[in-house]
Every structure is written in structure tokens, then in C-alpha cells.
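Heads up: the structure comes next, in C-alpha cells.
Quick note: the coordinates plus some simple rules give every number you see, no bench work behind them. Remember, it's a predicted structure, so these values are computed and weren't measured experimentally. Here the Cβ is made from the backbone with ideal geometry for all residues, glycine too, and neighbour counts use every protein chain on show.
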Amino acid sequence: MDNNRQNGILYIVVPCYNEEEALETSAAALLKKLRELQGRAMVSDKSKIVFVDDGSKDRTWRIIKDLYQNHEEVKGLRLAHNKGHQNAILAGMMYARKYCDFTITIDADLQQDINAMEDFIKEYVNGSEIVYGVRNSRDTDGLFKKLSATLFYKFSVKILGCDLYENSADYRLMSAKALEALSEYGEVNLFLRGIIPSIGLDSSVVHFDVFPRMQGHSKYSLSKMITLAADGITSFSIKPIRLVLGMGVVALLVGFGMIIHIFYEHYFGYTVSGWSSILMSIWVLGGAVLMSLGIVGEYVGRNYMETKQRPRYYFGEILSRDEGSSHDKI
Ligand code: UDP
Ligand code: MG
């Protein structure tokens, strides 16, 4: 174990999308926490909080600028577009990795208990390269979110065999080594909760409580949630495509059975009575074919996005007291 681990440079990465209501309170709490950690010599005095503005349309960037001006410990990154939570975290971590020994990512609404940070750091000091935050319960979520998230985890872990921690969140510690490994993953359709376990470095788990959102409302729209779930499934499993193949095989077998039936009907002259079976076949098979096309299409579409290899984020602006240009692209 090297000495750096004892008093390492921590960068707290905070993705923010239209968080004008929550940001000031959260920033105050985070600054207090950071100073407390520094006071107890758990992290270095060079540690920082990096706010990543994910192309917000409200006053978020204005607030980040003020925080930067007033506090030595604050840095700000502004993405040129709204690229989504996952890309915002990635952008923050990839920026931070140039300066820090480890990062902790946490949501801007501070629904996740910041007091768990000590536990994260202890695990890091004990040698973990990645420390996963796993939520204690989903009591603070609405019924729909609770149900959809539970179903998603059950489906992707049990049925599709994805390597995922159930109820894991994007509240997580990553060492510089883990970040370097993560930087090798070039995928555009990002699902960090799935990618990071597949890195396979030493890891541990910290449990934390989740509170209700105090200010503002959830920035995860239904469509953003569906995209995240679809990214999660398609980036880790081709089982849905296999399922389509299986359905095709079953349909074909039924089709062979139908040949016998059709011959029978033909030779015994009951051909008019086939109306129900024909209609049923049309609807069931038609539905199955369309659904299969859809599933395959999801993969083809994602493949298309991946092959373009477009940058996942652009920094429109960087607020930092370190050297470097304010218009950076990584
Ligand atoms: N977020 C983001 N980009 C987006 C949507 C959300 O950076 O397009 C951030 C948001 O500001 C917050 C975090 O992701 O810091 C989690 O979002 P939110 O709290 O709205 O989600 P929920 O807790 O409802 O799942
Ligand atoms: Mg939240």
C-alpha cells in the first residue's frame, strides 16, 4: 500500500442538470463534508469538488461560476449539450483523473447520504480500487420507480446474466487505476453500473441511505429512464436476440404441424373453416415478427451509434485554477 492512499487527493464529481433549486444547499453540504474530511486528514488539501453542468437551461452554470469564484475547492465543467447523467459523470471522472488519486460521484440533489463517504474512503485506503454504493432500501422512491427498478435489476441480473449489483447507484468511489481502465471503454451507449463491475479490479461495497429529494424534481424523465434500461440490457447481453431466434424456431415447428393440418383439411374438404386459424396466425405471427424486428433494430441502431465514434461529450467551458485551456475536448 502506498502512502498516497492515506491522504489521497479526492475529487467529488457532481453531475448537475437544471439543478438551480438544489445546487446551493448541496454545494454547502459538500464543502462542509470535504473540509471535515481534510480536517481529519482522510483526504489531501488538494481535494476538489467538480460540478459538471450537463447542458442545463436554467441558472445552474451561473451558480457553479459563483461557487468557483468564492471557493478554492470548487471546479466547474460545462458540457456543450445535455448528454445525460451517465455521460456527465464520465466527463467529470475523465477530467478529474488527470489531477486526483480517486473520485467519488454523487448526485447533485444529495439524496444519497454524504456521510457514507468516510466508509468509501476507508475501503479505498484498505486497498479497494472501486467501492460501490448500494442503497439500503427504495422506500423513498415512488411506486412506479420502485417497481420498474426492481423489475429491471431482476430481469437483467437473473435472466440476462448481466454483472450488476442489485440496487447499486452511481454513488461510487473509483481510484485513478480504475479510472484509467474505464477510459479504455469507448462505448457511446453508456451504462456505467454495468461496465464498471466488468473492469474486474479489487472492489468492495458500502451501503448507504437514500433520502427524498429536497429541492426541485427528478431530472430523469421516463424516456431517459427507458433509454438507460435499454442501454443497460443491450450493452451486456445479446440474449434478447437469441430469444427472437428461439421464437422463430418455435414458430417454424408450429408451422410444420400446420402443414399436416392443412393437408388434412384440404383432402377432407373442410377448407372454409380455416378462417379462425388464418386470422390467428396473421396476428400472432405478425406481432412476433414486428417485435423481433424491433429487438434486432435496437441492437442495429446502437451499433450504428457506436460505429460513428462521435465524442461522448464536449467541454464548452472549464473553470479551473490549474493550467489548461478553457476549451478542452477529451
Ligand atoms: N442528471 C444529469 N443529466 C440528465 C439528467 C440528470 O446530469 O440529463 C443529473 C441530475 O442533475 C442529478 C443526477 O443526474 O444530479 C440524478 O438525477 P435525478 O436526481 O433527477 O434522478 P433520480 O434521483 O430521480 O433518479
Ligand atoms: Mg435524485
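Counting only lysines at least 8 places from Lys98 when in the same chain, those with an alpha carbon closer than 22 Å to its own are Lys46, Lys48, Lys65, Lys75, Lys83, Lys177, Lys329.
The stretch 239-253 to the stretch 65-103: how many Å between their Cα centroids? First find each Cα centre; the distance between them is then 45 Å.
Near Gln86, within a Cβ-to-Cβ distance under 11 Å, what is the net charge of the other residues, with Lys and Arg +1 and Asp and Glu -1?
0
Calculated FRET efficiency, Asn167 to Phe256, Cβ-Cβ distance, R0 = 51 Å: about 0.65 to the nearest 0.05. Considering only alpha-carbon pairs that sit under 8 angstrom and 6 or more positions apart, the relative contact order computed for the chain is 21 percent.
Under 19 Å of direct C-alpha separation, and excluding same-chain neighbours fewer than eight residues apart, Lys158 reaches these aspartates and glutamates: Glu166, Asp231.
Taking each full run of DSSP H in the chain as one helix, which ones are at least 18 Å long along their axis (Cα atoms) and have mean Kyte-Doolittle hydropathy of at least 1.0?
Counting only whole DSSP H runs, the qualifying helices are 239-268.
Return, ordered by residue number, the residues of the stretch 60-80 whose backbone nitrogen is under 12 Å from a label point located 7 Å along Cα→Cβ of Asp322. Inside the label zone: 75-76. Straightening the chain between Met291 and Thr25 buys 91.1 nm, computed as 0.36 nm per residue apart minus the Cα-Cα spacing.
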